[in-house]
Amino acid sequence: MGGLAPATHRRQAVRQAQRWLADESSVLLDTESTALDGQLVEIAITDVHGAPLFSSLVRPTTPVDPGARAVHGIGDEELQDAPDLLMVAPQLRAALAGRHVIAYNARFDRGLLRREGERIGVDLLSSTRWGCGMHCYTRFRGRVDSRGRHLRASRLPGARHRAVGDCRSLAEVLQEIAAG
């Protein structure tokens, strides 16, 4: 964690979480996909308290990998009548416009939305700033452990995770960090 003492990292994480929670432009985002490098099947955006602002299943053009289905529980049959990404893109762009997006694993979620936007020819990420809850949590805890790497394992033991639920879990984690 660089040359800073663990207490310094912890204070930085507390201040970061407090800023995110106080910033009226902050929203929490989570996605589910067909596979680690697959297509979007669900997206949720909530306020910093976990209240949904936007949530939708998204019909992909490829089947859901059995491993991904085992994690989130979303199958191809559930997605048959879901809108495709081009149909939800306007609402998604509006929900993200000018926002400070906090995702637990921002690298994954941002990468997925970037790839998916390129696939359909729509910039889904314009006017957004990003923050990573996992990095903040890791600084707060002072080490990388199973809870630092996987929000679902630490907040939802034994449960399948869905996008809105994961946003709510992230809200709880940020509140825990902000309280010091």
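Result for the chain in a Gaussian network model with C-alpha springs under 10 Å: among GLY67, GLY50, GLY142, the largest mean-square fluctuation is at GLY67. Charged side chains reduced to their Cβ positions (Lys and Arg at +1, Asp and Glu at -1) give the chain a dipole of some 1020 debye around its Cα centre. Listed options for Cα extents along the principal axes in Å are (i) 50, 35, 29; (ii) 68, 39, 26; (iii) 48, 39, 32. The value calculated from this structure is the one marked (i).
Taking a ≥ b ≥ c as the square roots of the eigenvalues of the alpha-carbon gyration tensor, segment 1-78 is classed oblate because a/c is 1.5 or more while a/b is no larger than b/c. Taking amide H as placed 1.01 Å from N in the peptide plane, the amide H of SER33 sits under 5 Å from that of VAL41, each at least 5 places away or on another chain.
If you average the sequence gap of Cα pairs under 8 Å that are 6 or more apart and divide by the length of the chain, what percent do you get for the contact order? Numbers along the way, then the final one.
On the way: 319 pairs, mean separation 54.7, N = 180.
Relative contact order of the chain: 30 percent.
Bear in mind that the values in this text are calculations on the coordinates, not laboratory data. Since this is a predicted model, take the numbers as computed values, not measurements. As a convention, Cβ positions derive from the backbone with ideal geometry for all residues, glycine included, and neighbour counts pool all protein chains shown.
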